[in-house]
Amino acid sequence: MMTLDQLLEALNLGEDQDVEFKTADGGLPKSIWETISAFANTESGFIVMGVAERDGGFVVEGVRKPEILRKSFWDTHNNPQKLSQAICGEDDVSVLTVDGRRLLCIHVPRAHRQQRPVFINGNPLLGTYKRNYEGDYRCSEAEVRQMLRDAGDEPLDSLILDGFDLDDLDTETLAAYRNRFASRDPDHPFLALNEANFLERLGGLRRDRRSGAEGLTLAGLLMFGRERSLLDALPHFHLDYQEQLSSNPEERWTYRLTIDGKWAPNLFNFYYRVYPRLVDGLDVPFKLDRTATRLEETHVHEALREALVNALIHADHQSSRPINIVKRPDAFIFQNPGRLRIPREQLYQGGITDPRNPNLQKMFQMLGLGEKAGSGFQKILRAWREQHWLIPAVAENAALEMTRVWLPVTSMIPDDVERELRALVGDAYAGLDELERVILMLAHRFGEIGNADIQPYRREHPRDIGTKLKLLVERGWLGKHGHGRGTRYRWPQLGAPDLFGETLEMERSEHVLNSSQHRSPSSQHKDANSPDYEALRAMAAPIRERQRAKPADVRATILVLCSGVYLSLRELAELLGRQPASVQNHYLTPMLKEGVLAQRYPGNPNHPNQGYRKAEK
């Protein structure tokens, strides 16, 4: 029997690789093609044949005739009736020897956007798969159509909308756009054109030369449309800007701009309502000219402008996911539907761009907003380096088909963070090397991280970073969940959501998660229908039934609930009607530090059976 780490080490694969093991007793497994589709449509991975999983461990059994197995693989792999794309290359298939037994190892690369979806059996709607923590799953029709949209070379925003015309545009928005355009370039020849011709030059109106169809484009509606027209064309269209500036855990936001019938929620209006609020309060100087346009802006202003425009022009606006912008005291967060269309490492290097919506990009550029030469993200990096802030983190969620850009406004290791690092590792702090300190600092500032989030900060090989992450987990200084490329590492006791936590909550209902699905075996109240558990629910009802409650009342209720009994984080979250991360961050962690709560396993904060009870004084 071998552990997963031992087997991955024997195969010379890093811990952050996604791996699927198959026995291959009766020849090439039929399920291999679903896994190839899933790996190609997600983040790549390895299929290793000749390994059996038993009782939580792995047994290397080997395959008897790997050459025959390899030939069978290539014959089917190159058959378009079975696999839509020949995704693997000659170097991706190899025979390895472990403990004297031969294994067939297949590396499945991530498919380029033009190749996705990679599907099986000739049917993209029934044969497209993705990978998550639990394995391969069949994609929904919406996921398949989103990949198909991204695969085409036709710009998404050049779509001609059947049944829509200039009456679907907000005249005030269009007039405001022309005024700003004229203010920036008063002699531009576009300004002499009538409304229809002006829109045509911008890409808001189009005539298809092949079909003869003509009319309003998706770009024109998105930039200038009325609310009802936008929702008629895009039923899931949603813009959301939040300011989360309060220290009160019961106050989810201090300001919010969303689609509420009070304004024309097109991209032009959204940008000019959100940008001034994003930069408001920045501790950097700027000036205004006669038209209230900022002059001599700092690079931070320029970076925030670039990040906001990027979220709008790179979004897949036909997705069911929202565009979400968040301003917090410690970060700016920009989230949009659609994955990156260039490799993430290329984004950090700059020089290449592949916009989903080039017409929208042109409309913003006419106002002096947004870059075209692939240097936009470089401006963000430059501004953050000048301020000595943490490098921005870019994360993709393959399951949700979303991208998030996280711009932290905190220095690398402030004094308060260093104090917490010292408190976490104790006397071992002086012995930490630079990579270990950076990893722990990033986990503290971002809440949770993966191997790829550390790479922009360091020059070490990803495998060396993975080894260091494993060491920090073994020492109890980081928590770990997920596996493969989905492995995430958290600062102990934070319980923070991942980078897409809020979106996952939006995808669920607004109801609290069913406690029976998440109860810890450490609890003494395993039966949610038991009289004891019902008594606890009755004690917590005043807090659970109020959307907002005073933090002091929540703390007092926690102490009552935990009197004489250990309760898990999930149980407390269900009883209080709060999200687990909020309960952990705002109540349990401070109360543990104050000594009013005690842990069931104080030496192992990430123990799967962890519980909390009122401390006995």
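The values are calculated or read from the model by the stated rules, or taken from the named source; none is laboratory data. Nothing here was measured: the structure is a model prediction, and the numbers come from that model. Positions of Cβ are generated from backbone atoms using ideal geometry, with glycine treated the same way; all protein chains shown enter the neighbour counts. Each accessible area value is taken on the protein alone, full model and side chains, heavy atoms only, with ligands, DNA and RNA left out. Shrake-Rupley method; radii C 1.70, N 1.55, O 1.52, S 1.80 Å.
Please specify each residue of the stretch 444-469 satisfying the condition of being among the basic types (Lys, Arg) and within 28 Å of Lys593 (Cβ to Cβ). Spell out the reasoning first.
Step one: of the stretch 444-469, the residues among the basic types (Lys, Arg) are 445, 458-459, 463, 468.
Hits for the stretch 444-469 are Arg445, Lys468.
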Number of the exception - Glu20 against (1) part of a strand (DSSP E or B); (2) open to solvent by 40 Å² or more (accessible area, probe 1.4 Å); (3) of a type outside the set (Lys, Arg); (4) farther than 26 Å from Ala398 by Cα:
(4)
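Let's see how each residue does on (1) open to solvent by less than 10 Å² (accessible area, probe 1.4 Å); (2) assigned to a loop (DSSP other than H, G, I, E, B); (3) touching a His at 6+ places or on another chain (Cβ under 7 Å):
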residue	(1), (2), (3)
Leu216	yes, no, no
Ser246	no, yes, no
Trp253	no, yes, no
Gly261	no, yes, no
Tyr272	no, no, no
Leu278	yes, no, no
Lone unmet requirement of (1) open to solvent by less than 40 Å² (accessible area, probe 1.4 Å); (2) in contact with a Pro (Cβ under 9 Å, 6 or more places away or on another chain) for Pro358
(1)
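Taking the condition of being surrounded by 13 or more Cβ atoms within 10 Å (Cβ to Cβ) and free of Cβ contacts under 8 Å to residues at least 40 places away in the same chain, how many residues in the stretch 220-231 meet it? Please lay out each step first, then the result.
First, pick out the residues of the stretch 220-231 that are surrounded by 13 or more Cβ atoms within 10 Å (Cβ to Cβ): 220-227, 229-231.
Next, from what is left, pick out any that are free of Cβ contacts under 8 Å to residues at least 40 places away in the same chain: 227, 230-231.
Within the stretch 220-231, residues that are surrounded by 13 or more Cβ atoms within 10 Å (Cβ to Cβ) and free of Cβ contacts under 8 Å to residues at least 40 places away in the same chain number 3.
Anything in the stretch 323-355 that is in a loop (DSSP other than H, G, I, E, B), open to solvent by 10 Å² or more (accessible area, probe 1.4 Å) and not aliphatic (A, V, I, L, M)? List them, or say none.
Listed by number, the residues that qualify are Pro329, Asp330, Arg341, Pro343, Gly350, Gly351, Thr353, Asp354, Pro355.
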Sort out which residues of the stretch 372-390 are part of a loop (DSSP other than H, G, I, E, B) and surrounded by 18 or more Cβ atoms within 10 Å (Cβ to Cβ), and write them in order of number.
Leu390
Somewhere in the stretch 141-162, is a residue out of contact with any Cys (no Cβ under 9 Å at 6 or more places or on another chain), loosely packed, with under 15 Cβ neighbours inside 10 Å and under 17 Å from Met366 (Cβ atoms)?
no
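Considering each of Asp18, Asp75 in turn, give the residue that is within 21 Å of Val98 (Cα to Cα) and acidic (Asp, Glu).
Asp18
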Given the criterion out of contact with any Ser or Thr (no Cβ under 9 Å at 6 or more places or on another chain), surrounded by fewer than 20 Cβ atoms within 10 Å (Cβ to Cβ), under 24 Å from Leu347 (Cβ atoms) and aliphatic (A, V, I, L, M), identify the matching residue among Leu471, Leu442, Leu435.
Leu435
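Name the single residue, out of those in the stretch 49-63 being part of a loop (DSSP other than H, G, I, E, B) and small (Gly, Ala, Ser), that is most open to solvent (accessible area, probe 1.4 Å).
Our first condition is that a residue be part of a loop (DSSP other than H, G, I, E, B); within the stretch 49-63, this holds for 50, 55-56, 61-63.
Adding the requirement that they be small (Gly, Ala, Ser) leaves 50, 56, 62.
Values: Gly50: 0, Gly56: 70, Gly62: 16 Å².
Result: Gly56.
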Has the stretch 128-140 got any residue that is among the hydroxyl-bearing types (Ser, Thr, Tyr), open to solvent by 20 Å² or more (accessible area, probe 1.4 Å), closer than 30 Å to Thr35 by Cβ and touching a Gly at 6+ places or on another chain (Cβ under 8 Å)?
yes
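If you take the residues in the stretch 81-123 that are part of a loop (DSSP other than H, G, I, E, B) and farther than 24 Å from Ala398 by Cβ, which one is least open to solvent (accessible area, probe 1.4 Å)? Lay out the reasoning, then the answer.
Let us first name the residues in the stretch 81-123 that are part of a loop (DSSP other than H, G, I, E, B), namely 81-82, 84-89, 99-100, 109-118, 121-123.
Applying the additional criterion that residues be farther than 24 Å from Ala398 by Cβ yields 81, 99-100.
Working: Gln81: 144, Asp99: 110, Gly100: 71 Å².
Of everything passing the filter in the stretch 81-123, Gly100 is least open to solvent (accessible area, probe 1.4 Å).
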Applying the selection to the stretch 272-297, what residues are among the aromatic types (Phe, Trp, Tyr) and at pLDDT below 95?
Phe286
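Looking only at the stretch 182-214, filter to residues that are of a type in the set (A, V, I, L, M, F, W, C) and assigned to a loop (DSSP other than H, G, I, E, B); which one of those is farthest from the chain's Cα centre (by Cα)?
Taking the stretch 182-214 and keeping what is of a type in the set (A, V, I, L, M, F, W, C), we get 182, 190-193, 196, 198-199, 202, 205, 213.
After this cut, where a residue has to be assigned to a loop (DSSP other than H, G, I, E, B) as well, the list is 193, 213.
Values: Leu193: 43, Ala213: 38 Å.
Among residues in the stretch 182-214 that are of a type in the set (A, V, I, L, M, F, W, C) and assigned to a loop (DSSP other than H, G, I, E, B), the one farthest from the chain's Cα centre (by Cα) is Leu193.
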Report yes if some residue within the stretch 182-197 is out of contact with any Gly (no Cβ under 8 Å at 6 or more places or on another chain) and surrounded by 18 or more Cβ atoms within 10 Å (Cβ to Cβ); otherwise report no.
no
Looking only at the stretch 536-555, count every residue that is hydrophobic (A, V, I, L, M, F, W, C) and either in contact with a Phe, Trp or Tyr (Cβ under 7 Å, 6 or more places away or on another chain) or open to solvent by 50 Å² or more (accessible area, probe 1.4 Å) (or both) and tell me the total.
4
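Filter the stretch 571-583 for residues that are at pLDDT below 85 and not hydroxyl-bearing (Ser, Thr, Tyr); which is farthest from Gly447 (Cα to Cα)? Talk me through it step by step, then tell me what you get.
Start the filter on the stretch 571-583 by keeping residues that are at pLDDT below 85, which leaves 579-582.
Then keep just the ones that are not hydroxyl-bearing (Ser, Thr, Tyr); that gives 579-581.
Details: Gln579: 15, Pro580: 14, Ala581: 10 Å.
Result: Gln579.
Here is a yes/no grid of residues against (1) under 24 Å from Gly476 (Cα atoms); (2) part of a loop (DSSP other than H, G, I, E, B); (3) open to solvent by 20 Å² or more (accessible area, probe 1.4 Å):
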site: Val560; (1), (2), (3): no, no, yes
site: Leu575; (1), (2), (3): no, no, no
site: Asn585; (1), (2), (3): yes, no, yes
site: Lys593; (1), (2), (3): yes, no, yes
site: Glu616; (1), (2), (3): no, yes, yes
Counted residues in the stretch 124-148 being in a loop (DSSP other than H, G, I, E, B) and either in contact with a Phe, Trp or Tyr (Cβ under 7 Å, 6 or more places away or on another chain) or at pLDDT 95 or above (or both) come to 1
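Could we say that Asn269 is within 26 Å of Gln455 (Cβ to Cβ) and either of a type in the set (A, V, I, L, M, F, W, C) or modelled with pLDDT of 95 or more (or both) here?
Numbers: within 26 Å of Gln455 (Cβ to Cβ): no; either of a type in the set (A, V, I, L, M, F, W, C) or modelled with pLDDT of 95 or more (or both): yes.
Judged against the criteria, Asn269 is not a match.
Restricting attention to the stretch 33-48, does a residue exist that is open to solvent by 40 Å² or more (accessible area, probe 1.4 Å), in contact (Cβ under 8 Å) with a residue 24 or more places away in the chain and hydroxyl-bearing (Ser, Thr, Tyr)? Outline the logic, then answer.
Taking the stretch 33-48 and keeping what is open to solvent by 40 Å² or more (accessible area, probe 1.4 Å), we get 34, 43.
Okay, now just the ones that are also in contact (Cβ under 8 Å) with a residue 24 or more places away in the chain, so 34, 43.
Remaining after also requiring hydroxyl-bearing (Ser, Thr, Tyr): none.
Looking through the stretch 33-48, none of the residues is open to solvent by 40 Å² or more (accessible area, probe 1.4 Å), in contact (Cβ under 8 Å) with a residue 24 or more places away in the chain and hydroxyl-bearing (Ser, Thr, Tyr).
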Can you tell which of Ala393, Ala398 is surrounded by 20 or more Cβ atoms within 10 Å (Cβ to Cβ) and out of contact with any His (no Cβ under 9 Å at 6 or more places or on another chain)?
Ala393
